[in-house]
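I have placed the structure first, in the form of structure tokens, so that the comments after it can refer back to it.
The values are calculated or read from the model by the stated rules, or taken from the named source; none is laboratory data. All of these numbers come straight from a predicted model, not from anything done at the bench. Reconstructed Cβ throughout: ideal geometry from the backbone, glycine too, with neighbour counts over all protein chains shown. For accessibility, only protein heavy atoms count, side chains too; no ligands or nucleic acids. Shrake-Rupley method; radii C 1.70, N 1.55, O 1.52, S 1.80 Å.
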Protein chains: 2
Amino acid sequence: MPTSSPLAIGIDFGGTSVKFGVCEGARIVSSAEPIDTTAYYGRPPEVLIDAIAERVDGLRTENVVAVGAGIPGLVDFERGHIFEITNVPGWVEVPFRDLLGERIGMPVSVDNDANCMAYAEWRHGAGKGYSDLIAITLGTGVGGGLVIGRQLHRGAQFCAGEIGHTSIDYQSPAGDGRMPGIIEKFVGNREIAAHANRLYAGAGIEKDIADCTPKALAGAGDVLATQVWQDIANWLGVALANAIYLLNPQAIIIGGGIAKAGPVLFEPLREKLNQLLTPVLAENLQLLPAKFGNEAGIIGAAAQAAVQN
Amino acid sequence: MPTSSPLAIGIDFGGTSVKFGVCEGARIVSSAEPIDTTAYYGRPPEVLIDAIAERVDGLRTENVVAVGAGIPGLVDFERGHIFEITNVPGWVEVPFRDLLGERIGMPVSVDNDANCMAYAEWRHGAGKGYSDLIAITLGTGVGGGLVIGRQLHRGAQFCAGEIGHTSIDYQSPAGDGRMPGIIEKFVGNREIAAHANRLYAGAGIEKDIADCTPKALAGAGDVLATQVWQDIANWLGVALANAIYLLNPQAIIIGGGIAKAGPVLFEPLREKLNQLLTPVLAENLQLLPAKFGNEAGIIGAAAQAAVQN
């Protein structure tokens, strides 16, 4: 007997692995063995799509109504088309929705992974109930997604939410080759570790770069680690304040690895935002840690698919 | 006999004058003598509201259905409440909609003036037909308004669109006391004139500050004036690219005094945006001069009032 709740399968399609989960709302009720993406580099997308379809077939039950995928790359959400996936050679201009949909006989949707994370937090997580929010993921890269007027705002070319590519320093030599001083080049995992490493070295303290990761810094508790978190707050605060002056959202949701640092990140960041924002904005803004971790992509992709079908 | 089209009265409530126009769409069919705002500084708001009501009574005809006002300040759009008006002493916490509405017996709406400009351009001007756009006014200050998903996006506290308060340099000493390096402190009229004045002085050329205004620079045609326009493009380009990476709009509409400079502003700015944006964003973005000038506030305020009533 099928249960009464419709289920959806969420796919988190990454450069190193493709992960699967059957979701009932925010609950992942079952999952499949991940696929090693690297084994499919440079091969025709159809081969990996076949492997994905096999996993979906293995997971599906009668009350699974749709499949949603989140990818780190550029999509046309309306056509279910993937323009490119970062770090997956061979995945260029792939009509993913149609190819996978034909193979499995179920509706398929595909969106940017940061949008999936934002959607998961808004529908089922820290952003539940808000009409306007900005979700940001802090990791190797910095991604973002926007909910505006109770809608995920994808933008004219489905590229909206790229807060990681916004600049806090028009003169900075660091950038992505186009934009100077993008926030990702200040608060990306590697950049934080390199910055901490320089601070320690400057103080005559030899620290391996592996002991300078955000995770290590969160537990370090020394003066220099505190300085690094203050610097992160100063940089990230300006990038967030820029987005807040533009959008005046109700909430900022922060996820990704660095967000797990807790108060060492959130306390100086909150203080910095209070300093940067006008009182009416500062007093009304919620700054919240994300509810979901690595599973946000699966949950958000499944939730989007469930709503559309 | 009344005509068949409903009309609305637009009020452009500024720090030096209050202007009036009866609008049929984008057409101002009649107007009244402006009120000198300075004569009412520090007096109870009711006194100026009486004067405004008299002008409205003089302008109204049978087919005038509503009155809309645009103010340079902070409002609660839903309650029709003015929190404060920049440079108008005494106008703090004024229930404008109710006070004027009771006096004239017609529906009254009130919004931020930059929102009115954005609305005018979207409904009747350069932004007609777009679902997502950013409108920006370049003058003494830098204001902005957003249309997202065919809606004016006002934000949780009706403060959205403040692109003038976004930063391009987190380390800059220039700012508004809260945000460092806000774009308004780079491309405001006075800041442009001061920058040009410094460049000329540095080259040993004595130029009165009055000959360094954006208007004067637009016609100057010399190497240093060209440099100033390039600097403006470099600064404004980063602020706009930040907003574009975040929102991925279809169009940017630029209005206000400086926008009248034409190609000397738009050509280097377009080139800068093409350099800063990824190809998919650059190729699809329209960069457009505003259709309306000083009358944008009246037209937008009236258009908002007409739609709501």
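The residues of region A:223-245 listed by number as losing at least 40 Å² of accessible area in the complex, against the isolated chain and with a 1.4 Å probe, are A:Val238, A:Asn242, A:Tyr245. Pop out the Kirkwood hydrodynamic radius of region B:1-160 from its pairwise C-alpha distances, inverse of mean 1/r, in Å to one decimal. 16.1 Å is the Kirkwood radius here.
Averaged over the residues of B:277-285, the number of partner chain Cβ atoms lying within 10 Å of the residue Cβ comes to 4. The length gained by stretching the chain between A:Asn274 and A:Asn294 to full extension, at 0.36 nm per residue less their Cα-Cα distance, is 4.2 nm.
All distinct Cα pairs of region A:213-253 go into the 1/r average, and the inverse of that average, the Kirkwood radius, is 11.6 Å. Taking the square roots of 5 times each eigenvalue of the Cα gyration tensor of chain A, largest first, gives ellipsoid semi-axes of 35, 22, 18 Å.
Pairing chains B and A buries close to 3700 square angstrom of accessible surface in total, based on protein heavy atoms and a 1.4 angstrom probe. Which shape class, rounded, prolate or oblate, goes with region A:179-289 when its Cα gyration tensor gives a ≥ b ≥ c as root eigenvalues, a/c under 1.5 marks rounded, and past that a/b bigger than b/c marks prolate? In terms of gyration-tensor shape, prolate. By the Stokes-Einstein formula, at 0.692 mPa s and 37 °C, the protein assembly as shown with its Kirkwood radius over alpha-carbon pairs has D equal to 126 µm²/s.
For the pair A:Glu62 and A:Arg190, the difference between a 0.36 nm per residue extended length and the Cα-Cα distance amounts to 41.6 nm. Go ahead and collect, in residue order, the members of region A:50-71 whose backbone nitrogen is under 13 Å from a label point 7 Å along the Cα-Cβ direction of A:Glu24. In region A:50-71, the label zone of A:Glu24 (backbone N under 13 Å from the point 7 Å along Cα→Cβ) covers A:61-64.
Of the peptides A:42-50, B:141-149, B:114-122, the ranking by mean beta-carbon count within 10 Å, highest at the top, reads B:114-122, B:141-149, A:42-50.
Please work out the FRET efficiency for the pair A:Phe83 and B:Ser131, using the Cβ-Cβ distance as r and a Förster radius of 25 Å; give the result to the nearest 0.05. Given R0 = 25 Å and the Cβ-Cβ separation, E is 0.75.
Over region A:187-249, Cα pairs under 8 Å with separation of 6+ residues give a relative contact order of 34 percent. List residues of region A:143-174, by number, whose backbone nitrogen lies under 17 Å from a label position 7 Å along Cα→C-beta of A:Val307. Residues A:144-156, A:158-161 fall inside that zone. Accessible surface of the protein assembly as shown, 1.4 Å probe: 49 percent of it comes from carbon and sulfur atoms. If R0 is 41 Å, the Cβ-Cβ spacing of A:Ser17 and A:Asn284 corresponds to a FRET efficiency of close to 0.55. I'd like the orientation of helix A:45-59 relative to chain A: the angle between its Cα long axis and the longest Cα principal axis, in ° from 0 to 90, rounded to 10. Computed tilt is about 80 degrees. Available extension along the chain between B:Glu93 and B:Glu206 is 36.0 nm, counting 0.36 nm per residue and deducting the alpha carbon span.
For region B:88-140, the convex hull spanned by the alpha carbon atoms encloses 131 Å³ per residue. Among the listed pairs A:Lys185/A:Lys291; B:Lys19/B:Lys185; A:Lys260/A:Lys291; A:Lys19/A:Lys185; A:Lys272/B:Lys272; B:Lys185/B:Lys215, give every one whose C-alpha distance is greater than 21 Å. Those over the limit are A:Lys185/A:Lys291; B:Lys19/B:Lys185; A:Lys19/A:Lys185; A:Lys272/B:Lys272. Shown is the FRET efficiency for A:Glu267 and B:Asp176, computed with R0 = 41 Å from the Cβ-Cβ distance and rounded to the nearest 0.05: 0.95. Between copies, A:Ala216 shows label-point distances of 5.8 nm, shortest first, with the point placed 7 angstrom from Cα along Cα to C-beta. Per-residue shielding of B:172-179, expressed as the average number of other chain Cβ atoms within 10 Å of the residue Cβ, stands at 3. With respect to chain A, whose longest principal axis is taken over its alpha-carbon atoms, helix A:296-308 is tilted by about 50°. Going by the alpha-carbon gyration tensor, a ≥ b ≥ c the square roots of its eigenvalues, is region A:28-96 rounded (a/c under 1.5) or, if a/c is not under 1.5, prolate (a/b greater than b/c) versus oblate? It comes out oblate by the Cα gyration axes.
With axes computed from alpha carbons, what is the tilt in degrees of helix B:113-124 against the longest principal axis of chain B, rounded to the nearest 10 within 0 to 90? Once rounded, the angle reads 90 degrees. In whole Hz and in residue order, list the ³J(HN,Hα) couplings for region B:276-285 that follow from phi through the Karplus curve 6.51 cos²θ - 1.76 cosθ + 1.60, θ = phi - 60°; x for Gly and Pro. For region B:276-285, the Karplus curve yields 7, 8, 5, x, 4, 6, 4, 5, 9, 8 Hz. Computed with the Debye formula from one identical point scatterer per Cα of region B:172-217, without solvent, the log10 of I(q)/I(0) at q = 0.19, 0.20 Å⁻¹ comes to -0.60, -0.65. Per residue, the accessible area of chain A comes to 40 Å² when a 1.4 Å probe rolls over the protein heavy atoms. With a ≥ b ≥ c the root eigenvalues of the C-alpha gyration tensor of region B:261-307, is it rounded (a/c under 1.5), prolate (a/b larger than b/c) or oblate? Oblate, since a/c reaches 1.5 and b/c is not below a/b. Sorted from nearest, the other copies put their A:Pro279 label points 5.1 nm away, the label point being 7 Å from Cα in the direction of Cβ. Over all other residues within a Cβ to Cβ distance under 14 Å of A:Ser17, the charged ones net out to -3, with Lys and Arg as +1 and Asp and Glu as -1.
The orientation-averaged projection of the convex hull spanning the C-alpha atoms of region B:103-166 amounts to 5.8 square nanometres. Here the contact order of region B:60-136, divided by its residue count and restricted to Cα pairs under 8 Å and six or more residues apart, works out to 29 percent.
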